[in-house]
1. Which one of these is in contact with an Asp or Glu (Cβ under 7 Å, 6 or more places away or on another chain) and closer than 17 Å to Thr199 by Cβ: Thr265, Thr234?
2. Which pairs turn up if I take residues in region 264-278 that are among the aliphatic types (A, V, I, L, M) and look for partners that are in a helix (DSSP H, G or I) and modelled with pLDDT under 85 with beta carbon separation below 9 Å, at least 6 apart in sequence or on another chain?
3. Can you give me the number of residues within region 256-311 that are in a helix (DSSP H, G or I) and among the hydrophobic types (A, V, I, L, M, F, W, C)?
4. Looking only at residues in region 48-67 that are among the charged types (D, E, K, R) and without any contact (Cβ under 8 Å) to a residue 60 or more places away in the chain, which one is surrounded by the most Cβ atoms within 10 Å (Cβ to Cβ)?
5. Kindly indicate whether Glu91 is modelled with pLDDT of 95 or more, part of a strand (DSSP E or B) and among the acidic types (Asp, Glu).
6. Only one of Ala213, Ala203, Ala207 is part of a helix (DSSP H, G or I), at negative phi and of a type in the set (A, V, I, L, M, F, W, C); which?
7. Out of all the residues in region 26-49, is one or more of a type outside the set (Lys, Arg), assigned to a helix (DSSP H, G or I) and at pLDDT below 85?
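The values are calculated or read from the model by the stated rules, or taken from the named source; none is laboratory data. It should be emphasised that the depicted structure is a prediction, and the values quoted were computed from it without experimental measurement. Cβ: placed from backbone, ideal geometry, glycine included. Neighbour counts: every protein chain shown.
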Amino acid sequence: MNLKLLILLGIVTFIAVASSCNLDSKDLDSVPKSSSIEKHYSGFLLATDFVIGANRFPFALLSMDGKPLKGFKIKARFYSVNNGDLQFTQEAIAEYLTITHSNMHQHLDGSMHLHENDRGFYVIDSIYFDQPGISVAEFTLADDAQSPISIQSLAFEVSSNSKAPRPGDHIPPWTASNQDTLNKATENLSVEPSLSHVTLEQAVNSAKPMVIAFSSPMFCTSQMCGPVTDIVSTISQKYDNELDFIHIEPYDLEIAQKEGRLVPTGIFSQWELPSEPWVFLINSGNRITDRYEGLFTEKELESSILNLLDS
């Protein structure tokens with residue numbers, strides 16, 4: 001099976017478990033220090049696009065019964081695979097981050113109520129890969145917690161080039177023939193108006209920097225779009241005077257609602273994004289200064305915005 005497909009399946013598995021209606025904070029696994037029973041965990045990547053150069057490395061750790069390991073510092077040791085042999089390259093410490101996402105949930109009896117889901121994940125803020133190919137990440141507890149756990153290593157692919165636009169790149173162009181598609185892509189009633197009060201064309205021609213969020217809260221295949229859209233919307237209320245915030249729907253909503261098919265919008269295809277959601281920070285010269293694939297915290301996004309405004 002294709003390695004990137006395995007990574008995508010891992011993302012879906014993690015989010016499906018973590019966002020389950022029956023899973024609350026007391027169900028999340030934090031390993032007891034006095035336990036004598038060995039616990040087994042597997043690593044799941046929360047991104048798909050790793051390239052030569054600096055990368056943000058987000059992942060989750062799940063037990064065999066689907067409960068996340070939370071609250072620890074994790075040491076990650078990286079190996080490159082050369083002719084079947086593992087060659088150690090570097091190590092880094094991953095921090096545990098959490099986000100809170102609120103959503104209305106309908107039960108089988110038709111009743112509706114609000115859920116607040118705390119989602120935790122681990123992130124290495126920056127890790128540098130210097131060669132393409134298959135790599136392996138090996139995880140252990142960074143602190144001596146004296147907890148009898150084992151964490152299965154995971155393999156991932158490092159590519160020579162990213163399909164998604166990278167920091168330093170100009171934003172991809174779009175053609176006039178796709179303007180109707182672009183208008184549709186920015187229409188989504190479930191998104192805060194602060195993310196759709198300007199079009200991409202207006203933002204590109206203005207003197208303001210901008211933040212573009214490609215996310216589909218209604219039809220997200222990764223189940224990460226809702227939390228990401230919420231974070232961008234919240235941040236937009238604080239920095240609306242300094243930046244333009246734009247939400248772009250990756251899929252044609254009319255086709256999705258009427259036919260149940262996910263057909264990419266023209267601009268989503270032109271940006272050649274391999275997954276969703278993605279968020280890009282762009283300066284007044286229309287160059288990308290930072291980007292996020294998948295989950296991130298409000299603090300991370302705000303730090304990137306401050307760096308953009310100071311540049």
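1. Thr265 is the lone residue from the list that is in contact with an Asp or Glu (Cβ under 7 Å, 6 or more places away or on another chain) and closer than 17 Å to Thr199 by Cβ.
2. What qualifies is Ile267/Asn178; Ile267/Thr181; Ile267/Leu182; Ile267/Ala185; Ile267/Leu200.
3. Of all residues in region 256-311, those in a helix (DSSP H, G or I) come to 256-259, 266-270, 298-310.
From the residues that got through so far, the ones that are among the hydrophobic types (A, V, I, L, M, F, W, C) too are 256, 267-268, 301, 305-306, 308-309.
Counting residues in region 256-311 that are in a helix (DSSP H, G or I) and among the hydrophobic types (A, V, I, L, M, F, W, C) gives 8.
4. Quick first cut of region 48-67, residues among the charged types (D, E, K, R) only: 49, 56, 65, 67.
Now drop any that are not without any contact (Cβ under 8 Å) to a residue 60 or more places away in the chain, which leaves 65, 67.
Numbers: Asp65: 10, Lys67: 18.
Top of the filtered list is Lys67.
5. So Glu91 fits the description; yes.
6. Selected residue: Ala203, the only one of Ala213, Ala203, Ala207 that is part of a helix (DSSP H, G or I), at negative phi and of a type in the set (A, V, I, L, M, F, W, C).
7. Within region 26-49 (the criterion being of a type outside the set (Lys, Arg), assigned to a helix (DSSP H, G or I) and at pLDDT below 85), the answer is yes, since at least one residue qualifies.
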